[in-house]
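Trainee: The structure's right below; bear with me while I get my questions together.
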């Protein structure tokens, strides 16, 4: 998969892939680091705030709501 | 699919019945196993697996499937080294679960005159033309779980299997059938995925599902352990066992490429009762977790494939055997 922007990737899944690894990499990394601190005692919504930011970035990049 | 709809679908066997509505773009082919039936525990949906392999082998005329041959080729290569250690020339070798023939292609006329490839997926069997093989090829499209249905007992000199037995429901049963299909003093050589395979993807998906949705569901198959393999081979009646493990590590740019490649290998999830989709939030979360938890310093992510190599021989009176316990004459102390 070439490292293109989310707009030029072909399938929706590829667009999500690009959005989550390229466009929103800062937010993804913040979410991942939060999981890294809590993964021995994982609960639902343990990193809700971090994911909210990550998710908002994804939705904005994909120009879609879900 | 609602339960009532499901019941109606399974009853409508006649041709002009109303076709079932498929709400999800997924493969839901095999009937769900009867929990009260006696027999091996059903973990994998074999029919779904066959369809997945067929699709993988025909995507882009086989090109996609060829680009993801790297894991199987590397394992087939190390299996060849082991096969060359056997100083014997075979007339035929049976390649069980051959796929397009990753191992069969490496065989040459100094090892065997002919190779029989057996796989349940017809499309992957015929992916590559005959001229890519050095020896004569025969292709049989049959269910690996019912080996004795196609191969007569006591007929094979050697049976090899390169990375296919991890989709078999009844592994002990298949090993018994392999032993039965072999001639006395015949050899079985296999490579299968071990329990540590794809542990990075497994843990990332579990953590993502747990944190996002509050529960987990099966995405990566349960796989065999090294210790189990020696027990199972012994139980099936093989002698002179050799079991060893190897690891193949592959780096990918991100989780997405790994999942795409797995699909093109025909290795998508085929566990019975799997969820047919993953929410995109969960997928994005898993990708972020994979990178932070397991990622390399250069930003790529590793994927581990643990390979269990096994060799077993069908007993024969002429075969060399281990001596009785306590019959040794030399004291080890004198040597060391």
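Trainee: For region A:27-44, what are the residues that are more than 7 Å from chain B (Cβ to nearest Cβ) and without any contact (Cβ under 8 Å) to a residue 12 or more places away in the chain?
Mentor: Within region A:27-44, A:37, A:38, A:40, A:41, A:43 meet the criteria.
Trainee: While we're on this one: Limited to region B:233-272, what total is found for residues that are touching a strand residue (DSSP E or B) at 6+ places or on another chain (Cβ under 8 Å), more than 14 Å from chain A (Cβ to nearest Cβ) and on the phi < 0 side of the Ramachandran plot? Give the derivation first.
Mentor: We begin by selecting, within region B:233-272, every residue touching a strand residue (DSSP E or B) at 6+ places or on another chain (Cβ under 8 Å); these are B:233-234, B:236, B:238-255, B:258, B:261, B:270-272.
Pick out the ones that are also more than 14 Å from chain A (Cβ to nearest Cβ) and you get B:233-234, B:236, B:238-251, B:270-272.
Those left that are additionally on the phi < 0 side of the Ramachandran plot: B:233-234, B:236, B:238-239, B:241-251, B:270-272.
The number of residues fulfilling the criteria is 19.
Trainee: Moving on to the next point. Collect the residues in region B:91-104 that are surrounded by 20 or more Cβ atoms within 10 Å (Cβ to Cβ) and either under 18 Å from residue B:181 (Cα atoms) or more than 18 Å from the chain's Cα centre (by Cα) (or both), keeping them in residue-number order. Step through it out loud before you land on a result.
Mentor: Residues of region B:91-104 surrounded by 20 or more Cβ atoms within 10 Å (Cβ to Cβ): B:93-104.
Result: B:93, B:94, B:95, B:96, B:97, B:98.
Trainee: Scan region B:113-144 residue by residue and report those that are in contact with a helix residue (DSSP H, G or I) (Cβ under 6 Å, 6 or more places away or on another chain) and within 15 Å of residue B:97 (Cα to Cα).
Mentor: Residues satisfying the conditions are B:115, B:117, B:119, B:120, B:121, B:123, B:124, B:127, B:137, B:139, B:141.
Trainee: Continuing with this model, one more query. Considering region B:273-289 alone, what residues qualify as being surrounded by fewer than 17 Cβ atoms within 10 Å (Cβ to Cβ) and away from chain A (no Cβ under 14 Å)?
Mentor: Selection gives B:273, B:275, B:276.
Trainee: Which ones in region B:59-90 are surrounded by fewer than 16 Cβ atoms within 10 Å (Cβ to Cβ), over 19 Å from the mean Cα position of the chain (by Cα) and assigned to a helix (DSSP H, G or I)?
Mentor: Once the filter is applied, which keeps residues that are surrounded by fewer than 16 Cβ atoms within 10 Å (Cβ to Cβ), over 19 Å from the mean Cα position of the chain (by Cα) and assigned to a helix (DSSP H, G or I), region B:59-90 yields B:59, B:60, B:61, B:63, B:81, B:84.
Trainee: Can you tell me which residue is nearest to the other protein chains (Cβ to nearest Cβ) among those in region B:190-220 that are within 26 Å of residue B:80 (Cβ to Cβ) and crowded, with 20+ Cβ neighbours inside 10 Å?
Mentor: In the first step, residues of region B:190-220 are kept if they are within 26 Å of residue B:80 (Cβ to Cβ); the result is B:190-198.
Still in the running and crowded, with 20+ Cβ neighbours inside 10 Å: B:190-194, B:197-198.
Details: B:190: 33, B:191: 29, B:192: 29, B:193: 25, B:194: 24, B:197: 21, B:198: 18 Å.
Going through the qualifying residues, I end up with B:198.
Trainee: Does residue B:307 satisfy the condition of being over 23 Å from residue B:215 (Cβ atoms), within 14 Å of chain A (Cβ to nearest Cβ) and surrounded by 21 or more Cβ atoms within 10 Å (Cβ to Cβ)? Even if it seems obvious, please write down each step before you answer.
Mentor: Working: over 23 Å from residue B:215 (Cβ atoms): yes; within 14 Å of chain A (Cβ to nearest Cβ): no; surrounded by 21 or more Cβ atoms within 10 Å (Cβ to Cβ): yes.
No; evaluated as a whole, the condition is false for this residue.
Trainee: Against the conditions (1) farther than 27 Å from residue B:64 by Cα; (2) surrounded by fewer than 18 Cβ atoms within 10 Å (Cβ to Cβ); (3) touching a strand residue (DSSP E or B) at 6+ places or on another chain (Cβ under 6 Å), where does residue B:148 fall short? Just the number, please.
Mentor: (3)
All of the numbers you see were taken from the coordinates with simple rules; none came from a lab. These figures come from a predicted structure and were not determined experimentally. Every residue, glycine as well, gets a Cβ built from its backbone with ideal geometry; the counts of neighbours run over all protein chains shown.
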